[in-house]
1. Residues in the stretch 146-156: is at least one within 23 Å of Leu23 (Cβ to Cβ), out of contact with any Asp or Glu (no Cβ under 9 Å at 6 or more places or on another chain), assigned to a strand (DSSP E or B) and in the same structural domain as Val84 (by TED's automatic domain parsing)?
2. Tell me which residues, restricted to the stretch 204-234, are more than 22 Å from Thr300 (Cα to Cα) and in contact (Cβ under 8 Å) with a residue 40 or more places away in the chain.
3. Any residue in the stretch 180-203 that is closer than 15 Å to Leu268 by Cα sitting within a Cβ distance under 8 Å of a residue that is of a type in the set (Ser, Thr, Tyr) and outside any helix (DSSP H, G or I)? List the pairs, counting only those 6 or more apart or interchain.
4. Could you please tell me which pairs satisfy a Cβ distance under 7 Å, a separation of 6+ or placement on different chains, a first residue in the stretch 59-70 that is within 20 Å of Asp244 (Cα to Cα) and at pLDDT below 95, and a second residue that is of a type outside the set (Asp, Glu) and surrounded by fewer than 17 Cβ atoms within 10 Å (Cβ to Cβ)?
5. For the stretch 226-263, how many residues meet the condition of being of a type outside the set (Gly, Ala, Ser), assigned to a loop (DSSP other than H, G, I, E, B) and more than 22 Å from Arg290 (Cβ to Cβ)?
6. Take the residues of the stretch 89-130 that are out of contact with any strand residue (DSSP E or B) (no Cβ under 7 Å at 6 or more places or on another chain) and buried (at least 24 other Cβ atoms within 10 Å of the Cβ): which is nearest to Lys243 (Cα to Cα)?
Amino acid sequence: MPGTDPIGLVGLGLMGTAMSGRLLAAGRAVVGCDPSPAARDAHVARGGTVVDTAADVASGCDVVLLSLPNGEVSQEVCLGRDGVAAGARDGTVVVDTSTTLPEQAEAVAEGLAPSGVTFLDAALSGYSGMVARGDVLAMVGGDATSVARVEDVLAAFCREIRHVGGTGDGMRAKLVVNEVLSLNRYALAEGLVLAEKVGLDPAQMLAVLQASAAHSTAMDMWGRRMVEHDYAEPASRISTHDKDAQLILDLGRRNGAPLPAQAQLNGLVRAAIANGHGDRDNAVIVEVLRTLAGVSDLSTARSPVGPGRPAG
């Protein structure tokens, strides 16, 4: 598609804002929509335009990106009153970057088809800061021809675009990635707490781990935050992981894949949320383990720049 065509974007949260920033910086016009007045104002301040509904977005854009909290919202935005289907033109491509159940992606694709709209599930691996740097991976499910049509749009904020299969397969791939990534993060938290309990310096131990055969991307993404107990201004919220974990566990149940480690981790994640840390960065999982180890108190943990730093 021509690089001058406006791009629609429904959802101007952490991820949507980062996507719009990259698109605007690349010289693309971005027509946004979000229920938050602050998000809309910020989008306009960056050079974007806003409209009232998803139907309004779709009426003027051949490519519509979605960045939404969950699959239920995605279905409503696409198929509900004043949704994408109500305003889209024949040939529009909807690209959903939200994390949803594969079955929800399939249902939206089926619901949009009578309007002549093609649906792609383009799950992103990475957090908002990585989107802002153009450093995320897109795992795209859907028609190969349509994937090719939107590659220039996705390339504005993705370092790599992988077409992984049919509709829903982008979401399946994302949930597998999140399963492994979340357990890597959990393993790092366990290791740092063990280091602390045996008298090793956690910051020094993080550097050792990063130089060792145990190195993982999770260490680069969350290690500093865990060591410095810095959970404010989240790159990714632990409440969002809880949402994703339910999708992962559901996918496992539906397909006969036991996920005992993820189930155990989810119990600890929910302990953090129950103690008021839902809006903190995912790195706060280390405080649950520090509390179990007797070196912190999760209920009173605070961060250097707001709620989140451990008292101990």
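The values are calculated or read from the model by the stated rules, or taken from the named source; none is laboratory data. In this text, all values refer to a predicted model and were calculated from it rather than measured experimentally. For neighbour counting, all protein chains shown are included, and Cβ atoms are generated from backbone atoms with ideal geometry for every residue, glycine included.
1. Within the stretch 146-156 (the criterion being within 23 Å of Leu23 (Cβ to Cβ), out of contact with any Asp or Glu (no Cβ under 9 Å at 6 or more places or on another chain), assigned to a strand (DSSP E or B) and in the same structural domain as Val84 (by TED's automatic domain parsing)), the answer is no, since none of the residues qualifies.
2. Met221
3. Asn184/Ser216; Ala187/Ser216; Leu188/Ser216
4. As it stands, the answer is Asn70/Lys243, since those pairs meet every condition given.
5. Selection size over the stretch 226-263: 3.
6. Checking each candidate, the answer is Thr100.
Conditions (1) under 20 Å from Glu103 (Cβ atoms); (2) more than 16 Å from the chain's Cα centre (by Cα), marked per residue:
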site	(1), (2)
Arg133	no, no
Val136	no, no
Met139	yes, no
Ala148	no, yes
Glu151	no, yes
Cys158	no, no
Arg162	no, yes
Gly165	yes, yes
